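*Asks:* Below are the structure tokens for one structure; questions will follow.
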Amino acid sequence: MTSVPGLPCYDLGLAPYEPVQALQGALRRECAAGRHPGALLLLEHEAVITLGVRASMAEVRRPLRPPEDGAAGPSLPVIRSERGGLGTLHAPGQLVAYPVMPIPKRDLRTYVWQLEEVARLLLAQYRVHAIRITGRPGLYVDGHKIASLGLRCERWVASHGTSLNISPDLHLFAQIVSCGDPDLHHTSLAVLTGHAPAMPEVKLVYHRVFAQVFRRELGPLLTTTVTGLLETLA
């Protein structure tokens, strides 16, 4: 490990998207000003479609038909995100990792590779071989996407990050043109292995592998809330 101070790490449990986005913005500004070291945030989001800065509502699909009981289909909320990229979907059962930190050596390309590598090595712990595809950020297994990536960078401080499908309801992805590709299909660790590891276990694996890939000392993974963490920045 290097002598860089340990990066604080927080488990935010299941959290709605917009408050977490606000938290990232506050952390990013404090970090850019040199008043905070940043943080690694690990969590699950409530089911939501998010549209990056290059996305449009044309990427949102609604249920093609109502359920058999005639009730309206469960359309998900749609939220504008400050991250780059197009549309994506978050849901319980998906591990979301948001490192809010200075980009090492101001090398954005390597930073993206490192984030993908953390997810790839995590999946390898469960004997899943995921690959990169040139020109398509994220990770894939047999052409199906299992990990997505979207970032925001200001003054060389990154926020947003990676989402990794552990055991989400994959049917929800029918409501969106993911990453601008109408033919893209998704998979998950649970589908590929027949087993869904507990999310607390997966978060600890991510925490360990992140430290290895970035060669950075991390603080312990502390359980807290978005509100509680925001109060420490006030």
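*Asks:* Return yes when residue 174 is out of contact with any Phe, Trp or Tyr (no Cβ under 9 Å at 6 or more places or on another chain), over 27 Å from residue 10 (Cβ atoms) and of a type in the set (A, V, I, L, M, F, W, C) and no when it is not. Give the steps one after another, and end with the answer.
*Replies:* Working: out of contact with any Phe, Trp or Tyr (no Cβ under 9 Å at 6 or more places or on another chain): yes; over 27 Å from residue 10 (Cβ atoms): yes; of a type in the set (A, V, I, L, M, F, W, C): yes.
Yes, satisfied.
*Asks:* If I go through the stretch 109-137 residue by residue, how many of them are in contact with a Cys (Cβ under 9 Å, 6 or more places away or on another chain) and modelled with pLDDT of 95 or more? Break it down into steps so the answer makes sense when it comes.
*Replies:* Of all residues in the stretch 109-137, those in contact with a Cys (Cβ under 9 Å, 6 or more places away or on another chain) come to 111, 136-137.
Then keep just the ones that are modelled with pLDDT of 95 or more; that gives 111.
Final tally of qualifying residues: 1.
*Asks:* Still on this structure, please answer the following. Within the stretch 128-150, identify whether any single residue is in contact (Cβ under 8 Å) with a residue 60 or more places away in the chain, under 20 Å from residue 186 (Cβ atoms), of a type in the set (Ser, Thr, Tyr) and crowded, with 18+ Cβ neighbours inside 10 Å, and answer yes or no.
*Replies:* Yes, that holds for at least one residue.
*Asks:* If I go through the stretch 75-121 residue by residue, how many of them are touching a strand residue (DSSP E or B) at 6+ places or on another chain (Cβ under 9 Å), without any contact (Cβ under 8 Å) to a residue 60 or more places away in the chain and assigned to a loop (DSSP other than H, G, I, E, B)?
*Replies:* Residues in the stretch 75-121 being touching a strand residue (DSSP E or B) at 6+ places or on another chain (Cβ under 9 Å), without any contact (Cβ under 8 Å) to a residue 60 or more places away in the chain and assigned to a loop (DSSP other than H, G, I, E, B): 2 in total.
*Asks:* Criterion first (in contact with a Cys (Cβ under 6 Å, 6 or more places away or on another chain), touching a residue at least 24 places away in the same chain (Cβ under 8 Å) and assigned to a strand (DSSP E or B)) does residue 12 satisfy it?
*Replies:* no
*Asks:* Next question. Which residue out of 148, 159, 167, 163 is modelled with pLDDT of 95 or more, more than 30 Å from residue 31 (Cα to Cα) and within 15 Å of the chain's Cα centre (by Cα)? If you could, list the steps in order and put the result at the bottom.
*Replies:* Values: 148 fails: more than 30 Å from residue 31 (Cα to Cα); 159 fails: more than 30 Å from residue 31 (Cα to Cα); 163 fails: more than 30 Å from residue 31 (Cα to Cα).
Checking each option against the conditions leaves just 167.
The values are calculated or read from the model by the stated rules, or taken from the named source; none is laboratory data. None of the values given here were measured: they were computed from a predicted structure. As a convention, Cβ positions derive from the backbone with ideal geometry for all residues, glycine included, and neighbour counts pool all protein chains shown.
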